[in-house]
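A.B. asks: Before we start, here is the structure in question, set down as structure tokens.
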Amino acid sequence: MKRKSLAITILVLVLVFASSLAYAGRGITILVNGVPLQSSVPPQEINGTVLVPLRAVSEALGCQVNWNAVTNTVTITKSIIQTPQPQQIPAFAQGAVNRWSENIKEPLINGPKDFVGVIQQALTLLAKNDYHTFLNVEAFVPTIIMADLNNGSAASSGLAGVQFDRKTFYEVCKGYTSQEVTALYAALLAHEAAHIQLHSIGLHDVVSENDREAICYLVELRIARKVGAPRQQITFMQQQVKKYINP
Ligand SMILES: [Zn+2]
């Protein structure tokens with residue numbers, strides 16, 4: 001094969017581009033996606049086969065063409081950007097939507113009478129002061145129970161629901177007025193509901209653990225201010241937000 005300046009004028013079988021090219025008889029026209037292609041070398045018909053300029057056609061199709069004169073190789077490359085296909089709604093997201101639209105209902109509250117009373121009052125307080133957060137608790141928290149967490153934390157949560165620590169609960173009851181206890185538990189519920197909500201909508205694994213706590217403490221802080229939680233507790237929540245934002 002001759003080597004001289006083939007780069008621009010390489011001819012190639014039109015069959016390669018059969019799917020996206022059209023041509024017509026003598027005085028051959030090349031249409032690339034319906035647009036006539038201008039090229040310095042016209043297409044030719046030789047022995048019933050139509051030859052077209054490879055570079056012009058390839059570039060019109062968004063490809064890069066390289067000619068390697070040493071190896072006598074034509075390389076055509078095209079970076080393929082895949083069009084994202086519409087995805088089905090992931091199961092967890094659909095679950096969240098269903099809970100919202102169909103299954104908003106009172107969580108199952110389990111524990112001693114005084115604990116159940118505080119939680120019921122906390123839910124009522126939420127409903128009065130921040131109906132949206134109240135609905136979040138209703139929608140995303142299936143159960144609220146008292147447990148011996150023994151880990152120094154007042155509350156924890158998983159998809160099954162929220163657990164409040166027995167020891168902490170009674171300490172709080174001794175230290176604050178019943179109104180303050182109710183307000184604090186409303187804020188704690190908002191915090192834990194936010195955790196479950198992050199899970200349910202698929203954000204739990206998208207953000208870091210520190211970010212999750214920052215988000216949930218921000219929710220808790222907002223509710224604590226609205227419902228009149230003890231000042232000391234509000235200060236603690238502010239410190240937690242700072243701590244988790246700047247770990
Ligand atoms: Zn948390």
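The values are calculated or read from the model by the stated rules, or taken from the named source; none is laboratory data. Since we're looking at a predicted model, the values are computed, not measured. Note that each Cβ is placed from the backbone with ideal geometry, even for glycine, and that neighbours are counted across all protein chains shown.
A.B. asks: Could you tell me whether any residue of the range 182-203 is over 18 Å from S156 (Cβ atoms) and either outside the structural domain of D114 (by TED's automatic domain parsing) or among the acidic types (D, E) (or both)?
C.D. replies: Quick first cut of the range 182-203, residues over 18 Å from S156 (Cβ atoms) only: 182-183, 201-203.
Filter once more, so that each one left must be either outside the structural domain of D114 (by TED's automatic domain parsing) or among the acidic types (D, E) (or both): none.
The answer is no, given that none of the residues of the range 182-203 is over 18 Å from S156 (Cβ atoms) and either outside the structural domain of D114 (by TED's automatic domain parsing) or among the acidic types (D, E) (or both).
A.B. asks: Another one. Which condition breaks for Q163 when tested against (1) exposed (fewer than 14 other Cβ atoms within 10 Å of the Cβ); (2) assigned to a strand (DSSP E or B); (3) polar (S, T, N, Q)?
C.D. replies: That leaves (1) as the condition not met.
A.B. asks: If I go through the range 131-147 residue by residue, how many of them are part of a loop (DSSP other than H, G, I, E, B) and at pLDDT 95 or above? Step through it out loud before you land on a result.
C.D. replies: Narrowing the range 131-147 to residues part of a loop (DSSP other than H, G, I, E, B): 141-142.
Filter once more, so that each one left must be at pLDDT 95 or above: none.
Adding up the residues that qualify gives 0.
A.B. asks: Within the range 175-220, track down each residue that is over 21 Å from I145 (Cβ atoms) and more than 12 Å from the ligand (Cβ to nearest atom).
C.D. replies: G175, Y176, T177, Q179, E180, I201, G202, L203, D205, V206, V207, S208
A.B. asks: Right, here's the next one. Enumerate the pairs (first residue in the range 176-191 and free of Cβ contacts under 8 Å to residues at least 40 places away in the same chain; second residue anywhere and aromatic (F, W, Y) and assigned to a helix (DSSP H, G or I)) with beta-carbon separation below 8 Å, excluding pairs fewer than 6 apart on the same chain, so at least 6 apart or on different chains.
C.D. replies: Listed by first residue and then by second, the contacts come to H191/Y217.
A.B. asks: Are any residues in the range 221-237 within 15 Å of the ligand (Cβ to nearest atom) and either surrounded by fewer than 18 Cβ atoms within 10 Å (Cβ to Cβ) or under 18 Å from the mean Cα position of the chain (by Cα) (or both), and if so, which ones?
C.D. replies: First, the residues of the range 221-237 that are within 15 Å of the ligand (Cβ to nearest atom): 221-224, 233, 236-237.
Within the range 221-237, R222, F236 meet the criteria.
A.B. asks: Checking L123 against (1) surrounded by 15 or more Cβ atoms within 10 Å (Cβ to Cβ); (2) without any contact (Cβ under 8 Å) to a residue 24 or more places away in the chain, which single condition isn't satisfied?
C.D. replies: (2)
A.B. asks: With the requirement that a residue be assigned to a helix (DSSP H, G or I), out of contact with any Ser or Thr (no Cβ under 7 Å at 6 or more places or on another chain) and at pLDDT 90 or above, what does the range 94-130 give you?
C.D. replies: Once the filter is applied, which keeps residues that are assigned to a helix (DSSP H, G or I), out of contact with any Ser or Thr (no Cβ under 7 Å at 6 or more places or on another chain) and at pLDDT 90 or above, the range 94-130 yields K113, D114, F115, V116, G117, I119, Q120, L123, T124, A127, K128, N129.
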